Amino acid sequence: MRDFLRLLARNQLALAGLIVLSAVVLLALVTPLLPLQAPNVTNTGDRFLPPFTEGHLLGTDHLGRDLFSRLMYGTRLSLAVGFAAAVIAAVLGAAIGILAGYYGGRTDNVIMRGVDMLMAFPYILLALAIVAALGPGLLNALVAVAAVNIPFFARNIRGITVGIAHKEFVDAARLSGMGDMRIMLGEVLPNVIPVIVIAMSTTVGWMILETAGLSFLGLGSQPPVADLGSMLGEARSALITNPHTSVVPGVMILIIVMAINLLGDGIRDALDPRLRSGALTRPMAATTVRRDGPVPEAREGALLDIRELQTQFHVKKRVYRAVGGVDLEVKPGECLGLIGESGSGKSVTALSVMGLVASPPGVITGGRVDYKGTDLIGARYEQLRTLRGREIAYIFQDPLATLHPLYKVGDQLIEAMTAHGRAPKEGARQKAIELLKSVRIPNAEKRIDSYPHEMSGGMRQRAGIAMALANDPEVIIADEPTTALDVTVQAQILSLLDDLRRSRGLAIIFITHDFGVVAQLCDRVAVMYAGRIVEEGPTAEVLATPAHPYTKRLIACVPELGEGRRKLAAIPGLPPPVDDLPPGCAFAPRCAKATPACTEPPIELMPFAGTRAVRCIHPENDAAAREAAE
Amino acid sequence: MGSYILKRLLSAIPVLLGISVIVFLIMAMIPGDPATAILGSYATPENVARINRDLGLDQPLVARYFIWLGNMLTGDFGRSFSLNRPVLDEVLDRFGATMILAGTAFVLCSILGVAAGVVSAARQYGFADKAITFVVLIGISIPSFFLGMMMILIFAVNLRWFPVSGMWPIYGGRTLWSLLDHLIMPALALAVVATGVIARLARSAMLEVLRQDYIRTARAKGVHERSVIWRHALRAAMVSIIPVLGIQAGFVLSGAVYIEIVFQWPGVGRMLVDAILTRDILLVQGGVVFVAACYVLFNIAVDVAQSLLDPRIKT
């Protein structure tokens, strides 16, 4: 509850709504105590006095009644009726919803059918029918407005109750011999109250509008008593000659309902856990770049050169250093493996290349990604876009989520080409079929018109690869493309990628957490840990004589042929949280060889055995590796 | 597709029956005695009994319902005593005017609401987002009848851009142009609330979709951001926006009652309010059943549109 109030207070708009609403409610409460003129005493000699007339702050209406006094009493009435309707609708609706949800089965069926029928009406028809039957009058209008809102509450509360009715604590209460009534009131009701509050806060403004509306139509409060709605209704005939009599009650309704809506939004945000952490932010077209330090130079000879790349996630006041200065390069026709546990920053590194890290919260804070002499990090969006997919293409994990569910696979393929103006409109379809064939999708002529959900996992992944190949890119970044697939399909996909690399001269950055896959496909491998490269070198050498203790443990996790499969979790402890990295070596807390010197920064990536590099002051296999290198 | 539409139409039958039962029961609650109302309070018991027999009021409630239902199915909605003409004729005459008003408002609020929501989401926390959010907040908080009155005051009385009220000019021909001239203000006033609700929903639906992996895929392909937003994201967001459009159609139809009163629009809503005030119960009853039935059919059309949009829905 205190959390809730604190969250509410943090929301300035909701707070403003609360203050305005409180003021209006307070004024309405004390209205009879104020020295106001009698609201219903007519004085036709003083008709339509303008506002700020002596003795009449807001002027008078068509019968010479004091508008300010009528406004205060009208507000009082409108608020009372609106809140009463909301409470009645909430109580009855919640009762019906809990009964239906708790008992389920036939009871539920019958009740919910009835609710569906009521919801099939445009609400005002039902309200009008009720008022027609009961006759015009404020109380009848209240009944009508409450009645048409009951189904809304009943349906919401029922949904929640169904979820609760089968929870353990309800079963436990039932086993302990509690009666249904006591369970519903004691166990179920407290759990649905937040939902009732949210539903009320979002509908009470609406109900005030509806009752005012019925009064406006002359079906609610009857003369001489007036709520805000009937004040407006009476003023309508003098709208053109004396607009102030209309503006005064209208603006009051607007103020009340707006304050309630602001407050209601605040309550909903504070009670709805999904919105709490500000989770609903959308990623922008390209990752935000905020480089403070100098931009490093590119190296010679590389096709794609990543230098000192730093990518962070800024969530509220915390800074997660997902990528903390990564150097990687890949040459034409080369396959580089990037390996590490989940959360090591390998995917973020890959996505940073083309500015695809979700932003917010992602920010690239330093480094350079050089492609053929262009710094991609500093590139303008339009330049980045023309390179995306055309020069550097991605293959993602889990193509069920990464392919658009509502477009045919073929259309998505064709779009990949037309986005870069590569394919003429007529030839695009033929080219798409060829692409599907090239990734060995059988029956490509028919498959091109399939939706992603109509394909198998392996088939979708091939379609994803075909999409990456659509523009004959120079570099392909494959982010765990085989993780979601079973072993035989995985092997097929890997050999497909290997063939493509050899036949088209593609450079591939292959991201995985599986050394077995790296051994099969990659010329070189880089091992990532807590946002940094800890070891890099030719695959065969690294596999044979791992230099970093972490690499050694990782390789130990790879199953040999015929042996049981062991897991990465065989390394004791967990990677450090990247918002709180230890100084020195990030692996030191989990390392058997750690010494006090390991916790002293900085530990650089040092050349090792000729073509290799390692970020460790006590490397493994030192002598053996040197020997092998010579 | 054809069998899906048929299935949905068949499933509407129990709903329509339920609506008729509800309306019948509400009307049966009306206190008072039609025979006395017709004959006056000095009627003899014999005459009262005869009238009741003639009107079928001596039958049990269930039998009366089926007689009423049977009459309606043959197009006999009864006779309006205040207008002295068949209820169905009057309702059909008025319904056309309401459809022009509510239909235009519905198209307006759908287009404006979705567009505002998309822009708001694409520019989240930017100036456009804040401006739209503010306007939307006012839109969902202002009573439509007050908005309509203020529009009359400003745009008709002071600026003289549009006629004050009515559907056709009092003098002169009924041209499409003169209809539009009369239609713009009431349609806008009617659309405002629903526009706000749709814009809010469209914004959050878009935010939800823009976080999905397939949006990142589209960007990775090099698809232009404009196309990412308006094609990829909006198409997916429409799946959750369309059902709300169906619900909002009901609110537009409801709001039309107020707008018809404010702008003197000769539609069903104004007819219903007048009928309630003159206690012309048959007219109320017929109007409510007719409009509710049309709304049910409209919602079936929404479901069909939804199934066309989302290939994952089994038809």
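The values are calculated or read from the model by the stated rules, or taken from the named source; none is laboratory data. If you're wondering where the values come from, they're calculated on a predicted model, not measured in any experiment. Heads up, the Cβs are rebuilt from the backbone with ideal geometry, glycines too, and the neighbour counts pull from every protein chain shown. Accessible surface areas use protein heavy atoms only, side chains included; no ligands, DNA or RNA. Shrake-Rupley method; radii C 1.70, N 1.55, O 1.52, S 1.80 Å.
Side notes on the structure shown:
- The aspartates and glutamates within cross-link reach of B:Lys7, meaning a Cα-to-Cα straight distance under 20 Å and a gap of 8 or more places when in the same chain, are A:Asp116, B:Asp303, B:Asp310.
- For A:Lys317, the lysines whose Cα comes closer than 26 Å to its Cα, not counting residues fewer than 8 places off in the same chain, are A:Lys346, B:Lys130.
- With the whole protein complex present, B:Lys7 retains an accessible surface near 130 Å², based on a 1.4 Å probe.
- Remark: segment B:268-285, residue by residue, has Karplus-estimated 3J(HN,Hα) of 5, x, 5, 4, 5, 5, 4, 5, 5, 5, 9, 6, 8, 5, 4, 5, 4, 4 Hz, where x stands for each Gly or Pro and the curve is 6.51 cos²θ - 1.76 cosθ + 1.60 at θ = phi - 60°.
- Kirkwood's formula applied to the C-alpha pairs of chain B gives a hydrodynamic radius of 22.6 angstrom.
- Taking each residue as 0.36 nm, the span from B:Leu83 to B:Ser41 lengthens on full extension beyond its C-alpha to C-alpha distance by 12.7 nm.
- Unit charges at the beta carbon, dipole of chain A: most positive-side option, A:Gln37, A:Gly389, A:Ser201: A:Gln37
- Mean sequence separation of contacting Cα pairs (under 8 Å, at least six apart), scaled by the length of chain A, corresponds to a relative contact order of 11 percent.
- Rounded to the nearest 20 debye, dipole of segment B:2-87 from Cβ charges on Lys, Arg, Asp, Glu: 380 debye
- Within a Gaussian network of chain B (alpha carbon springs, distance under 10 Å), most fluctuating of B:Trp230, B:Trp168, B:Trp177: B:Trp177
- Quotient of the Cα radius of gyration of segment A:319-396 and 2.2 N^0.38 Å, N being its number of residues: 1.10.
- Computed from the C-beta positions of B:Phe134 and B:Tyr65 and an R0 of 51 Å, the FRET efficiency is 0.50 to the nearest 0.05.
- Of all beta bridges that DSSP places with both ends in the protein assembly as shown, some 60 percent have antiparallel geometry.
- Selected from A:Ala594, A:Ala609, A:Gly531, residue furthest toward positive end of dipole (chain A; charges at beta carbon): A:Gly531
- Per-residue mean of C-beta atoms belonging to partner chains within 10 Å, peptide A:226-236: 2
- Label positions at B:Asp213 and A:Phe52, each projected 7 Å from the Cα along the C-beta direction, are separated by 6.5 nm.
- 5 angstrom amide H check on A:Gly366, placed H, neighbours 5+ away: A:Gln310
- Taking 0.36 nm per residue of separation and subtracting the Cα-Cα distance, full extension of the segment from A:Ala401 to A:Thr281 would add 41.3 nm.
- Taking the Cα centre of chain A as reference, the dipole from Cβ charges on Lys and Arg (+1) and Asp and Glu (-1) amounts to some 760 debye.
- Förster-model FRET efficiency, 35 Å R0, A:Asp486 and B:Met1, C-beta, rounded to 0.05: 0.45
- Between B:Leu17 and B:Trp161, the simple spin-label model (points 7 angstrom out along Cα→Cβ) gives 5.2 nm.
- Both radii are taken from the alpha-carbon atoms of segment A:281-522; with Rh as the Kirkwood radius, Rg/Rh is 0.96.
- Set of aspartates and glutamates with alpha-carbon distance to A:Lys593 below 19 Å, sequence-local pairs under 8 removed: A:Glu535, A:Glu604, A:Glu620, A:Asp622
- The gain in end-to-end length when the A:Thr44 to A:Glu308 segment is fully stretched comes to 86.6 nm, 0.36 nm per residue minus the alpha carbon separation.
- Helical runs (DSSP H, four residues minimum) scored at -39500 (n - 2.57) apiece and divided by the length of the protein assembly as shown put the mean residue ellipticity at 222 nm at -18500 deg cm²/dmol.
- Solvent-accessible surface (1.4 Å probe) assigned to B:Ser41 amounts to roughly 100 Å².
- Residues within the reach of a label modelled at B:Leu55 (point 7 angstrom out along Cα to beta-carbon, backbone nitrogen below 11 Å), restricted to segment B:1-43, are B:32-40.
- Pair-distance distribution of chain A: all C-alpha pairs, bin width 20 Å, starting at 0; shares per bin in whole percent are 15, 31, 28, 20, 5, 0.
- For B:273-286, mean number of other protein chain Cβ atoms within 10 Å: 3
- Placing a label point 7 Å from the Cα of A:Val315 along the Cα-to-Cβ direction, the residues of segment A:364-383 whose backbone N falls under 20 Å from that point are A:364-365.
- Each peptide in A:31-44, A:227-240 receives the mean, over its residues, of other Cβ atoms within 10 Å, and ordering these scores from highest gives A:227-240, A:31-44.
- A Förster distance of 25 Å, applied to the separation of the beta-carbon atoms of A:Ala597 and A:Asp292, puts the FRET efficiency at 0.25.
- Spin-label pair A:Val225-A:Lys167: with each label point 7 Å from Cα along the Cα-Cβ axis, the two points sit 4.2 nm from one another.
- Residue by residue along B:232-239, Cβ atoms of other protein chains within 10 Å of the local Cβ number 2 on average.
- For chain B, size of Cβ-based charge dipole, Lys and Arg +1, Asp and Glu -1, in debye: 1380 debye
- Computed with a 1.4 Å probe on the full set of protein chains, the accessible area for A:Leu118 sits at about 60 Å².
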